[in-house]
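Notes follow the structure.
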């Protein structure tokens, strides 16, 4: 049973006892004990994963880390958040996923127009099952709860992941000002409705919508 | 003369008359009191011979001598700073990661090839650190820079630690290092896991690892 511990906010220590975790390729910084690293083609989802990920452009360079001891992961000094899943589904960008437990299944799903506005493509990665996953964000991530009476609107560039039963739609506030080049920089937003959690980062990716 | 941590990216050093502190040139942020900063053309201690040694070894980061009476704040490039207190041991660190150190520490350069022979030489090349590294020995403090914070991992004889060469910052104690490769046919066909080279540190001591794979 892999045990996830945070060492500060930027280094994740995973204790392994003969089992394996899936991690972003190249994210190991140190380990003790015996470990082997093996690249998993197609995000470890077999031939079907390989093909879908190629087609969808949601390419995920993943390696399998297996062994006995403690392995430390970090990536470009980004902040790490642990998410515990109990049978629910987490939607996260492939580039924001650091480590997942083997019990979790990963896949791809269609996001529609939202993906295009985020500059992330039309597809996103899903993580399903029971276990822990570590997600990365540029700056410490905050978790916002969405409930029936309180829908949430976020900037597409700051969105990193969401879980629960949420409906999302892209809102645009493009008016004549935007067309004149006097936009506020907040012309596109994603609105979440339903019940669930949304993770956002205190930083914005460069997005198509963010320029307007 | 320990460094006082102000926040994760700034340290303050107390300067008293008669004691010198060496720091990377340009790393002073602010100071109080009467403090003078002298560029140090020999990049550290020793005379001209040490300078030539460092130049040849490419471990000659531009340093300055800080003297006087007061306190100085150091920081550089927004990098995280980790203060290491030495009490007689040797710290091995790359010259460009050194922010400031106590003038009482003995500075030297070490040929990487002397540990591990040919593999040591390859190690320097593979990690992009060159063939030489700087050593600091004695009693005093050292401020080391890293990208994204530092974790200290203990090394004990029964538990060697493997480190990604790009995330390696420094180490101290009686530690032997060796480059291990896990290259197989997968790497050859471009399907590697990105962890083909690792530094194996064994012995007794501590290794400092940064939370990033970026060089400074």
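What's the ranking of A:3-14, B:140-151 by average number of surrounding C-beta atoms within 10 Å, highest first?
The packing order, highest mean first, is B:140-151, A:3-14.
What FRET efficiency would be calculated for the residue pair residue A:150, residue A:105, taking the C-beta separation as r and a Förster radius of 30 Å, to the nearest 0.05?
0.50
Testing the spin-label approximation: label points 7 Å from Cα along Cα→Cβ at residue B:111 and residue A:15. State their distance in nm.
4.4
Mind giving me the nanometre distance, one decimal, between the label points for residue B:52 and residue A:191, set 7 Å out from Cα along Cα→Cβ?
Label-label distance for residue B:52 and residue A:191, simple model: 7.7 nm.
Does anything in region B:196-216 have its amide N under 14 Å from the 7 Å Cα→Cβ label point of residue B:8, and if so which residues?
Only B:210-212 fall inside the zone, counting backbone N under 14 Å.
Give me B:200, B:213 ranked fewest to most by other Cβ atoms within 10 Å of their Cβ, as a rough exposure proxy.
B:200, B:213
Mind checking the mean number of beta-carbon atoms from other chains within 10 Å of the Cβ atoms in A:63-75?
Taking all residues of A:63-75 together, the mean is 3.
Let me know the mean shielding of B:154-161 by other chains, meaning the per-residue number of their Cβ atoms within 10 Å of its Cβ.
The per-residue average across the peptide is 2.
Per residue of A:7-20, what is the mean number of Cβ atoms on other protein chains within 10 angstrom of that residue's Cβ?
Per residue, the average neighbour count from other chains is 3.
First measure r as the distance between the Cβ atoms of residue A:203 and residue B:71, then evaluate 1/(1 + (r/R0)^6) with R0 = 41 Å and state the FRET efficiency to the nearest 0.05.
Values: r = 34 Å, r/R0 = 0.82.
After rounding to 0.05, the efficiency reads 0.75.
Where a number appears in this text, it was derived from the coordinates with a stated rule and is not lab data. Being a predicted model, the structure only gives us computed values, none of them experimental. Backbone-built Cβ (ideal geometry, glycine too); neighbour counts: all protein chains shown.
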